[in-house]
Amino acid sequence: MRSAKPIVWTIAGSDSGGGAGIQADLATIGDLGGHGCSVITCVTAQNSVAVNGVEPVSDALLLNQLNTLLVDLPPKAIKIGLLANQRQIDLLADWLATHFTSHAKVTGYQVPIILDPVMVASCGDTLVSAEADKGLDFSPFRQLLTLMTPNGHEFEALSALVGNDSDGISAKAQNLARYLGCNLLITGGDKGAFWQAQYAEDHFVCHRVPHTSALHQHRGFRLSSERSDNPNHHGSGCTLSSAIASFLAHGLVLHDAVLLAKAYVGQGIAAASPVGAGSGPLERCGWPKGLKSLAKISLIDAENCKGPDFLRHISHHTPYGLALSFPALTQPIGIYPVVGDVKTLSQVLAAGASTVQLRIKQVSTTDELERQIVDAIALGREYGAQLFINDHWQLAVKHGAFGVHLGQEDLFDADLEAIANAGMALGLSSHGVFEMALACQLKPSYIALGHIFPTPTKSMPSKAQGLENLKHLVALFDPGCPRVAIGGIDKSRLEAVKATGVDAVALVRAVTQAPSPGDAYLELLSLWENGDAAS
Ligand SMILES: Cc1ncc(COP(=O)(O)OP(=O)(O)O)c(N)n1
Ligand SMILES: Cc1nc(C(=O)O)sc1CCOP(=O)(O)O
Ligand SMILES: [Mg+2]
C-alpha cells in the first residue's frame, strides 16, 4: 500500500480521441509526478470534431472499479469528471458518503475530491443522457467535495437548479458554495459571462479551506491571465481539474493547487498543436515555471469591500501591478535575526547584523511599546542597519523606521499607502504559492517564505513547507526582491536551506535563545557565507 508517487484517481469517461476525459487526466497526473488510477464511467466514441456515441458502464462495473482500487491503491486525491447520467451521480455520491468515508475514518486522511461537472464536450456535443437535458442534479455531492469547477454556463445551470438567483457573481457564487458545502472555481474558458476579451478569468470562491490564512477564507478571488489565441485547447477543463487534484496529492493547499493548475493549463494551451481537424489537445509542460505563468489575483467584489485596505489595492482595476512602491534594500540580508527586545537588538547590531527585525509580541503598556520602538529605531540608525518593525506599522511610520514587516493577517488593517508615502521598506510574509503571488503583486522590499520547518515559536494555520516545496517556490518566483526563508531554521539546517537557492534566512530562537546572541549571529553568518563556523 506504499507508493513513492502520490496516487490520484480519475473517475471519468474515456475520450477515444485522446484529448480529454480519462486520457487527458492520466497524462496530466503522470506529467505532474503522480500515479494515475482510472475509474471509467462511460466510453465515448469521440474525435476532435464530434461525439458519436456515449455508453455508460454498468452500476456493478462502476462499483467494482472503485472497490478494487480502494483495497490496494487508495488515493491521495480524486478527480471526478464525466458522469453519464443521474443514476451514476447518485451511485457515486452514495459510495463516497458510505464506503469511502469509513475508509477515511480508518486512515485519518481527508482525501480532497475535485468535481468537474462536465455535460458538454468542447466541440459542443452533449455527453450526458437525454434525461439530463435540463441539467444534472449534483446535490447528492453536498458536503462531500473539496472543490467544484463549473465553467460559466455550468455555473448558471447549477445556480438555476438550486433556485439561486441572487444578483451579482459574488453573492451567487457564495450561495452556491454554501449550498454545496464546497469551494468553487468558476472557469471562463467557455467565454461565458465572466470572460473578458484580454484575460482568461476564473473566479475562485472560498468556502472553507484548511491550512490557509483567515485572510483568504470566505472570499472570492478573480484569477486573470493573458488569454491565448491558440484554438487547440481540447480537454482544458479535464486537465485543470486533474492538475488541481495532482497538486493537492503532493500536499499543496487548495489556493496553491488552483493557481498552479491554472498556470499549467495556460502553458499547455500556449504550447498545444493541432491533432485532427478540430481543436487539438493541450501540451504537457510539467510543473509551471516563472512568475509570468501565474494568474494575477484580485478580489471579486473589491469595489464593495469595506475590509482590508490591502485587498482594495488589488482590485481588478489594477490586476497587473500597483501604483504603490517600496524601496529596494541597499544591503544584502544574509542572516536576518528576529528579536523580541531592545537589549538583544543592541547585541546583534553590535556584532554587525545589517538587517534586523524587532518583533515585540508582549508589552506591559502602549507607552512602553512606543518607548522600545523609539529606542530600537535610534539604535538601528546609529549602526546604519536596515531595522524592520514587526506588526506596529503606525508607530514605525510615526517614528520613521527603516521598514515594516507585515504578515498576511496584518494586511487586514495596514495602511500600505501611508507606509509607501513615508518611503519605508516593506517586508511581507507568505506561506505557499498563492500568498507569495499576492505578496509579489504588492512589490515589497523582501518576501518571507515560511514556515519551512515546524517551529514552537509561533502557531500558524499553514503546514510546514519543507525543503522540497521551498525549492519549487524559489524556482517558480523571481520577484525581483530577496526571498527570505523562516521557520525552524538553525545552524544545523543552514546548508540545506541555502542549497534551495533562497536569498536569506530569518531566525528567532537560533539567535534569541543562544547564550550570546551576538556570537550566535556571527557563527550563523560565517556558516551562511563560508559553509563553516567562525573560529
Ligand atoms: C522575516 C519574517 N518573516 C515572517 C514573519 C512572520 O510575520 P507574521 O506572519 O506577521 O507573524 P508575526 O511575526 O507577527 O507573529 C516575520 N515576523 N518575519
Ligand atoms: C515569526 C515566524 N513567522 C513564520 C512564518 O512562517 O511566517 S515562522 C516564525 C517563527 C520562526 O521562529 P524560529 O526561527 O524560532 O523557528
Ligand atoms: Mg505580524
Determine the per residue accessible area of the range 444-535 with all protein chains present and a 1.4 angstrom probe, expressed in square angstrom. 46 Å²
So the FRET efficiency between residue 273 and residue 58, C-beta based with R0 = 35 Å and rounded to 0.05, is 0.40
Whole-Å distance, taken between Cα centres, linking the range 214-233 and the range 29-91: 27 Å
Could you calculate the FRET efficiency of residue 105 with residue 68 from 1/(1 + (r/R0)^6), where r is the beta carbon distance between them and R0 is 22 Å, rounded to 0.05? 0.60
Give the lysines reachable from residue 105 as a straight Cα distance under 19 Å; neighbours fewer than 8 places away on the same chain don't count. 76
Take the alpha-carbon centre of the range 377-420, take the same for the range 237-279, and report the distance between them in whole Å. 39 Å
Would you mind getting me the FRET efficiency between residue 350 and residue 394? Use the beta-carbon distance for r and R0 = 22 Å, nearest 0.05. 0.15
Determine the alpha carbon to alpha carbon distance for each of 172/289; 79/471; 172/398; 172/361; 262/491; 343/498 and list only those over 31 Å. 172/289; 172/398; 172/361; 262/491
Counting alpha carbon pairs within less than 8 Å and at least 6 residues apart, what relative contact order, in whole percent, applies to the chain? 11 percent
How much accessible area per residue does the range 36-98 have, counting only protein heavy atoms and a probe of 1.4 Å, in square angstrom? 40 Å²
Chain lengthening between residue 229 and residue 381 when straightened (0.36 nm per residue, less Cα-Cα): 49.4 nm
In nm, what is the difference between 0.36 nm times the number of residues separating residue 50 and residue 208 and their Cα-Cα distance? 53.0 nm
Neighbours of residue 62 by Cβ distance under 13 Å: Lys/Arg at +1, Asp/Glu at -1, summed charge -3
Starting from the Cα of residue 421, step 7 Å along the direction of its Cβ; do the same at residue 464; then give the gap between the two resulting points in nm. 4.4 nm
Once you have the Cα-Cα distance between residue 291 and residue 516, take 0.36 nm times their residue separation minus that, and quote the gain in nm to one decimal. 77.0 nm
With +1 at each Lys and Arg Cβ and -1 at each Asp and Glu Cβ, the charge dipole magnitude of the range 415-535 around its Cα centre, to the nearest 20 debye, comes out at 280 debye
What is the percent carbon and sulfur in the accessible area of the chain, measuring with a 1.4 Å probe over the protein chains and ignoring ligands? 52 percent
Calculate for the chain the 222 nm mean residue ellipticity that helices alone would give, adding -39,500 (n - 2.57) per DSSP H run of length 4 or more and normalising by residue count, nearest 500 deg cm²/dmol. -10000 deg cm²/dmol
With at most 16 other Cβ atoms within 10 Å, longest stretch of the chain clear of loop trypsin sites (Lys or Arg not before Pro) (DSSP): 3-133
Roughly what would the spin-label model give for residue 4 and residue 364, points 7 Å off Cα along C-beta, in nm? 6.0 nm
So, over other residues within a Cβ distance under 9 Å of residue 181, counting Lys, Arg +1 and Asp, Glu -1, the net charge is +3
For the pair residue 97/residue 324, report the inter-label distance in nm, with labels modelled 7 Å from Cα in the Cβ direction. 4.6 nm
Where the only charges are on Cβ atoms (+1 Lys, Arg; -1 Asp, Glu), what is the dipole of the chain about its Cα centre, to the nearest 20 debye? 720 debye
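The values are calculated or read from the model by the stated rules, or taken from the named source; none is laboratory data. As the structure is a computational prediction, the values presented were derived from the model and not from experiment. Ideal geometry is used to build each Cβ from the backbone, glycine not excepted, and the neighbour counts take in all protein chains shown. To get the accessible areas, we keep the full protein, side chains included, count just its heavy atoms, and leave off ligands, DNA and RNA. Shrake-Rupley method; radii C 1.70, N 1.55, O 1.52, S 1.80 Å.
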